[in-house]
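Asker: Questions regarding the structure given below will be posed in turn.
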Amino acid sequence: MQTYGMKSKKMARYVNVLKLLSHPIRFSIALLLKNNGVMNVSKIQQDLELTQSTVSQHISKLREAKIVSADRDGTKIYYSLSSDTARLVLETYENS
């Protein structure tokens, strides 16, 4: 019989990713980054037809959780998906 350690680090990592990706906007941003690589807020907002402030708010939450990473190039910040756990969740979605 398999035991399920609710306090395991692996379970905590998955649960945290699932919580953050449960919001449709954050899920869409993560999916967009997974499929397009590196993007800035302007391109994300254009592709998802959202306001800059909405994208920035959700990107901030994804960054705090280390699901998305950021690199600065001059005045622009470029984002990419950095969580293997999130990538696995998104791949499961795409393959369903």
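Asker: For the chain, what % of the accessible area comes from carbon and sulfur atoms, probe 1.4 Å?
Answerer: Roughly 51 percent, rounded to a whole number.
Asker: Counting only C-alpha contacts under 8 Å and six or more residues apart, can you give the relative contact order of the chain as a whole percent? Spell out each step's value before the answer.
Answerer: Values: 92 pairs, mean separation 28.5, N = 96.
For the chain, the relative contact order is 30 percent.
Asker: For each pair in Lys10/Lys76; Lys10/Lys34; Lys7/Lys76, compute the distance between the two Cα atoms and list the pairs where it is over 28 Å. Intermediate results must be reported in sequence, preceding the final value.
Answerer: Numbers: Lys10/Lys76 34 Å; Lys10/Lys34 21 Å; Lys7/Lys76 39 Å.
Result: Lys10/Lys76; Lys7/Lys76 exceed 28 Å.
Asker: Could you tell me which label, among (1) 1.21; (2) 1.03; (3) 0.98, carries the value of Rg/Rh (Cα atoms, Kirkwood Rh) calculated for this structure?
Answerer: (2)
Asker: Next question, about the same structure. Name the lysines eligible as straight-distance cross-link partners of Lys9: C-alpha to C-alpha under 19 Å, and not fewer than 8 places from it in the same chain.
Answerer: Once the sequence-local lysines are set aside, what remains near Lys9 is Lys19, Lys66.
The values are calculated or read from the model by the stated rules, or taken from the named source; none is laboratory data. Source: prediction; values computed, not measured. These accessible areas exclude ligands, DNA and RNA; they are computed on the full protein's heavy atoms, side chains included. Shrake-Rupley method; radii C 1.70, N 1.55, O 1.52, S 1.80 Å.
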